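No lab work stands behind these numbers, since they all come straight from the coordinates. The shown structure was predicted, so the numbers you read here are calculated from the model rather than taken from an experiment. Positions of Cβ are backbone-derived with ideal geometry, glycine not excepted, and every protein chain shown enters the neighbour counts.
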Amino acid sequence: MVSLRWLLLISVLYLALTADFSVGNLLVGVLLSFGLAWLVHPSKERVSWQSFPRRAWYFARYILLLVSDIILSGVGVARVVLTPSLPINPGIIAIPTHCKSDFAQALSAHALTVTPGEMVVAIGEDGTMYTHCLDATHGQEVILEAQRLRRELLEKIVE
């Protein structure tokens, strides 16, 4: 069970940010606080105060990385759609996750799937994500470097 102090703190913060004290919003705040407390440390009974700032920092970096990937990919997809004469080379590529936990692997697959122009279609037994890309000609080094950074941040969030 997660710490009651964490649940109360996150719920109160959520209610203060939304400024909506209805019963439905209170329920959403409690559910979000359970989810956030579990995300910060899913395998422990209690969430430690000492690890929260470090995890919050890595979580913020991960969100910024994800948002920038979504924006850049969205612009690229819009460019392809608005300029049909541009050549595209769709295909499926294999991206090894090398994630230690299933949770980090799932979050990594989710990050790829929400990025425009990419979608994880299968995950192999060895953790390899088979990803359909609108343009599969990206250099393997670029893909592996992006996955490495994402994996490092996710492992630091969920460790």
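Of the residues making up segment 79-99, those that are touching a residue at least 12 places away in the same chain (Cβ under 8 Å) and out of contact with any Asp or Glu (no Cβ under 6 Å at 6 or more places or on another chain) number 11.
Determine, yes or no, whether residue 119 is without any contact (Cβ under 8 Å) to a residue 24 or more places away in the chain and within 30 Å of residue 56 (Cβ to Cβ). Considered against the rule, which asks whether it is without any contact (Cβ under 8 Å) to a residue 24 or more places away in the chain and within 30 Å of residue 56 (Cβ to Cβ), residue 119 comes out as yes.
If only residues of segment 53-65 that are crowded, with 16+ Cβ neighbours inside 10 Å and either in contact with a Leu (Cβ under 8 Å, 6 or more places away or on another chain) or aromatic (Phe, Trp, Tyr) (or both) are counted, the one that is nearest to residue 151 (Cα to Cα) is 62.
Screening residue 134 against (1) within 25 Å of residue 60 (Cα to Cα); (2) touching a residue at least 40 places away in the same chain (Cβ under 8 Å) leaves a single unmet condition, (1). Of everything listed in (1) under 14 Å from residue 63 (Cα atoms); (2) out of contact with any Asp or Glu (no Cβ under 9 Å at 6 or more places or on another chain); (3) aliphatic (A, V, I, L, M); (4) surrounded by 14 or more Cβ atoms within 10 Å (Cβ to Cβ), the single unmet condition for residue 143 is (1).
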